[in-house]
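> Below you'll find the structure I mean.
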Amino acid sequence: MNSEQLELTIGWLYPTLMSTYGDRGNVICIQQRLRWRGYKVQIMPLDQNSTIADIHSVDLLVGGGAQDRQQEIVMRDLRGAKAEALREKIDTGTPGVFTCGAPQLLGHYYEPAVGLRIEGLGLFDFVSVHPGLNARRCIGNLVIEVTAKRLAEELRAITGSPAYVIGFENHGGRTQLGQVEALGRVIQGLGNNGEDGTEGAFYQNAIATYSHGPVLPKNPFIADWLIQTALRQKYQESISLAPLDDTLATQAREAMFKRLRVNVPTALKL
Ligand code: GLN
């Protein structure tokens, strides 16, 4: 199929309430990588004004971070039929990347530092609890290696090497995984809870992570995996993506690994 005939719609969850630390950069990154390759792309905000049909119409999902207060507003809106529609999308393999506050809301619940527990959608089998205003926030650069089995294999097929993801975390909540697979293991930083060495989660084709940064421009191979997966889901055939010149991203990654003194395996293609 010719790329000009193909089109993807990115569903952007609550853009005005959930986009801390440049998380909108993830939307821009996917949009631009599609455009560079000649695909058509639409951005559909999914928020208080959206219908169930809007949610069903998207091919890819992006959700950013938020403060506790905004998370509460979002969860008041994301109930009933809307919650069901989003649940169905993710359950049936719509790919997505959800950062920090967004995955907290897709887990069973988030307990903020102040106020009542916010019930989540229960899509990811994990819970997130803020240990209180006096607890140290988890802030700083974050480097992980993707360990979620299928994702690691599919990313390896794109890059030819293990997937090292660079991000920046800033969260008070601590996440404890249930049966869901972790996204990766922490190499530098704190990740889900600063204790068990896990970071994020991977369910169906949904990536949950504490990595802001925003994470996709810093790790463009994840953007390409999302695009490839969305195209496969929509058009029911495997479409290989034209390579792009990622020299600047590669140089930025090299600089970060050096600065953070991360020993990358010699096999790593950045
Ligand atoms: N409010 C959440 C926390 O502190 C999420 C923060 C964020 O999305 N950056 O854990």
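Coordinate-derived values only; no laboratory data. Quantities reported herein were computed from a predicted structural model and do not represent experimental measurements. Methodologically, a virtual Cβ is constructed for each residue, glycine included, from the backbone with ideal geometry; neighbour enumeration extends over all protein chains shown.
> Within the group Ala113, Ala135, Ala157, Ala102, which residue is under 20 Å from Phe202 (Cβ atoms) and in contact (Cβ under 8 Å) with a residue 24 or more places away in the chain? Lay out the reasoning, then the answer.
On the way: Ala113 fails: under 20 Å from Phe202 (Cβ atoms); Ala135 fails: under 20 Å from Phe202 (Cβ atoms); Ala157 fails: in contact (Cβ under 8 Å) with a residue 24 or more places away in the chain.
Testing whether each residue is under 20 Å from Phe202 (Cβ atoms) and in contact (Cβ under 8 Å) with a residue 24 or more places away in the chain leaves just Ala102.
> While we're looking at this one, here's another question. Take Gly178 and decide whether it is surrounded by 16 or more Cβ atoms within 10 Å (Cβ to Cβ) and not hydrophobic (A, V, I, L, M, F, W, C).
no
> Name the one entry in Gly167, Gly120, Gly189, Gly173 that is crowded, with 22+ Cβ neighbours inside 10 Å, among the small types (Gly, Ala, Ser) and within 19 Å of Leu216 (Cβ to Cβ).
Criteria check complete, one pass: Gly167.
> What residue, among those in the range 16-67 that are more than 21 Å from Leu105 (Cβ to Cβ) and of a type in the set (Val, Ile, Thr), is nearest to the ligand (Cβ to nearest atom)?
Going through the qualifying residues, I end up with Ile28.
> Then there is this: From (1) part of a helix (DSSP H, G or I); (2) within 15 Å of the ligand (Cβ to nearest atom); (3) farther than 22 Å from Val215 by Cα, pick out the condition that doesn't hold for Ala102.
(3)
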